[in-house]
1. So how far apart, in nm, are the two label points at residue 149 and residue 2 if each is 7 Å from Cα heading toward Cβ?
2. What is the distance, in nm, between label points placed 7 Å from the Cα along the Cα-to-Cβ direction at residue 24 and at residue 39?
3. Starting from the Cα gyration tensor of segment 1-46, take the square roots of the eigenvalues, sort them a ≥ b ≥ c, and report rounded, prolate or oblate (rounded when a/c is under 1.5, otherwise prolate if a/b is larger than b/c, else oblate).
4. Can you put 101, 67, 127 in order of Cβ neighbours within 10 angstrom, beginning with the fewest?
5. Roughly what % antiparallel, to the nearest 5, for the DSSP beta bridges in the chain?
6. Sum -39500 (n - 2.57) across every DSSP H segment of at least 4 residues in the chain, then divide by the residue count to get the 222 nm mean residue ellipticity, nearest 500.
7. Give me 184, 169 sorted ascending by neighbouring Cβ count inside 10 Å, so fewest comes first.
8. Using Rg and Dmax of the Cα atoms in Å as the read-out, say which of (i) 17.4, 54; (ii) 18.1, 58; (iii) 17.8, 51 was calculated from these coordinates.
């Protein structure tokens with residue numbers, strides 16, 4: 001496991017108890033994704049694999065929308081798995097620590113593979129989507145969301161204007177994500193842009209930390225304190241920040 005991935009695990013584990021305090025976008029996304037994932041046609045008693053369960057925002061909505069089925073609920077962070085296990089008490093669920101990029105499950109063993117706002121952390125998104133697709137039985141569905149290219153544009157632009165590097169990851173846009181999905185089967189990719197208001201950029205950065213999403217790209221050198229203060233001041237108060245959430249549905 002890379003040191004960068006270990007840093008991601010540590011960040012999300014530390015955020016297990018604060019995550020839902022700053023999870024407005026995540027709640028909205030989970031609600032929309034659950035509706036897409038459970039839309040007909042779907043097996044009457046679906047076998048569901050969830051990758052990157054976090055605190056169970058999507059898990060709870062999938063369970064509420066399903067009368068039957070079995071759910072394998074996984075996350076790379078042991079703390080997140082335990083947090084979800086603590087709040088989701090349903091006989092249909094089993095829980096496991098698992099790296100969603102390397103799904104340790106038999107091929108064609110699920111009818112539905114879901115993941116909400118986790119896949120942007122994959123080291124190899126294209127290859128990982130192919131591996132997840134192989135987990136699906138014929139006729140199965142993969143429904144995922146991830147952070148898209150337009151996310152945090154205001155912060156990126158502010159830093160660029162000060163000749164500073166943001167450290168943000170490179171996220172795909174909708175066409176790029178569509179090109180990463182398997183070529184056989186049927187797929188759709190859409191974007192949902194959400195504008196969030198924060199007291200200032202410091203509050204925005206604190207919100208990212210509260211949900212465990214503050215890990216910069218590998219090799220990034222953190223800004224000096226003075227540069228960070230200049231950037232926060234340049235964003236103004238209050239400030240708006242865009243979340244560009246991509247929704248991808250692929251049917252085998």
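What follows is calculated from the coordinates using simple rules that are stated; it is not laboratory data. Model, not experiment: these values are computed from the prediction. Backbone-built Cβ (ideal geometry, glycine too); neighbour counts: all protein chains shown.
1. In this crude spin-label approximation the distance works out to 2.1 nm.
2. 2.7
3. Since a/c reaches 1.5 but b/c is at least a/b, the shape of segment 1-46 is classed as oblate.
4. With the fewest neighbours first, 101, 67, 127 line up as 67, 127, 101.
5. The answer is about 55 percent antiparallel.
6. Value at 222 nm, helices only, nearest 500: -10500 deg cm²/dmol.
7. Exposure proxy ranking, most exposed first: 184, 169.
8. (ii)
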